[in-house]
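What follows is a single structure, written as structure tokens, with notes after it.
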Amino acid sequence: MKIVGDKFDISIRSLGTHGEGVGDLDGFTLFVDGALPGERVFVELTAVKKTYGVGKLLRILERSPDRVDPVCPLFGRCGGCQVMHLNYSSQLERKRQRVVDAFERIGKLMDVEVLPCVPSPLPLKYRNKVQAPIRQKKEGLSIGFYARNSHHLVDVDLCYIHCALGQRVYERSVALLKSSGISKEKLRHLIIKTAVKTEQALVVIVTGTDQKKSLARLAEEIQRQCPEVKGVIQNVNPHLHNVVLGKTFEVLSGQGWMEEEILDLRFYVSPASFFQVNPAQAEQLYRQVIDWAELKGGERVLDAYCGVGTLSLLLARKAGRVVGVECVPQAIADAERNASLNCLANVSFVCAEAEKWIQSAERMDLVVLNPPRKGCHPEMIKAIGKMRPTRLIYVSCDPATLARDLAMLQESGYKIDGACPFDMFPQTAHVETVVKLSTKL
């Protein structure tokens, strides 16, 4: 019988979905943060569940040759990065293996060729967005990021995966907030959004109540010290829950939007807009989608779960007509503005649940699926089977739900022609995957 507090040594065989080391103790699976495959470690059992346990790493007995010293001194305390102690080439190998394992274990997809994981052009300094909670401590405001699996706030002055311009704006904004005299009770989060190619930024200050009077001078000073900041915006969120943004935005200084460039198209980015946080790697992923789409110029394309229309517009340059479907009204408004910004008339957008809209839609030649982490609704898979588009491209941020959906698509008459993982989030356990499918002959 295993008891919390027991100590023992264990061999680590793999990485878990959250970047933790995974080992076995007498047939009992154990998860150990900070341990790497190939290592033998001495651990203390901290939690016992029905089918697994959690151990705390006390000492490394046999070190993996893939282990490196993390560049960030807060690694292991801040929850932002999970695998910074693993060399980058091994991160890529492990992410590819995670996709293969999900395909085989969950989808029973044994014969899919999974290409090597595409490395990010920037393993560090790639993120174009950070959101930092704000708390009050005895010595003043604390601004940083949460520790892993908790709401304990770790003060962070320098984030090593934050882009250079965003980091500069973050540092100045933090310094000004801390010297402003505004109390913690009025402040919730600081969000920095950066347009890397156009060298623009937005600063969003989330408050519990309307604080525009007390924040007005601060907003002007942020713009004075950081000319790249196009606007400083207040977001009011009176609710105490895990949702960061409320419904109300008000521009404190400057304008409420900025522009970014992706593959020679311009995109409108508002405070609430979703935009890929690694723009350089996003371009590589989008190129793969465009290449696998094999568009000749007359095709009808459905971009399901289209967000702000990034892929819709990129595909519209090569297709006959594109329809983007998304259930978030603000995203559709941004998508329509982006189409106008780029003078693309052969693309339209619909605010609806994609799995319902597709049931009455005309037949499409290509359907692009880019669902949230939970994957496609079963109704979407069923509707695709009825519509029978010639080709599908699935962009996924979760290998487990991807494998589940691919298995169902195979049952609906599709074959998998290729799968390519992309490292969209270096130093973390996350992996994105693009899959190409076509109808079986």
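Numbers at a glance
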| read-out | value |
| --- | --- |
| Mean separation of Cα contacts under 8 Å (6+ apart) over length of the chain, as relative contact order % | 13 |
| Diffusion constant of the range 215-295 at 37 °C, which comes from Stokes-Einstein with the Kirkwood Cα-pair radius and 0.692 mPa s, µm²/s | 215 |
| Centre separation in Å (Cα based) which lies between the range 278-350 and the range 220-269 | 24 |
| Three-way shape call for the range 1-67 based on the alpha-carbon gyration tensor, with the a/c threshold at 1.5 | prolate |
| Antiparallel bridge percentage (DSSP; both residues within the chain; nearest 5) | 65 |
| Among the listed pairs 374/440; 193/318; 356/386; 129/230, those beyond 18 Å (Cα-Cα) | 374/440; 193/318 |
| Amide proton proximity set for residue 146, modelled H, under 5 Å, gap of 5+ | 79, 154 |
| Rounded, prolate or oblate (a/c below 1.5 giving rounded, otherwise prolate when a/b exceeds b/c) for the range 129-262 by Cα gyration tensor | rounded |
| Relative contact order (percent, whole number), the range 94-177, Cα cutoff 8 Å, 6+ residue spacing | 22 |
| Rounded Å value of the spacing that divides the Cα centres of the range 130-197 and the range 99-117 | 39 |
| Over the chain: Rg over Rh, Cα atoms, Kirkwood Rh | 0.99 |
| Value of [θ]222 nm, deg cm²/dmol, for the chain, DSSP H segments ≥ 4, -39500 (n - 2.57) each, nearest 500 | -8000 deg cm²/dmol |
| Sequence ranges 267-278, 151-162, ranked by mean other-Cβ count within 10 angstrom, highest first | 267-278, 151-162 |
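Quick note: the coordinates plus some simple rules give every number you see, no bench work behind them. Just so you know, these numbers come straight off a predicted model, no measurement behind them. Please note: Cβ atoms are built from the backbone with ideal geometry, for glycine as well, and neighbour counts cover all protein chains shown.
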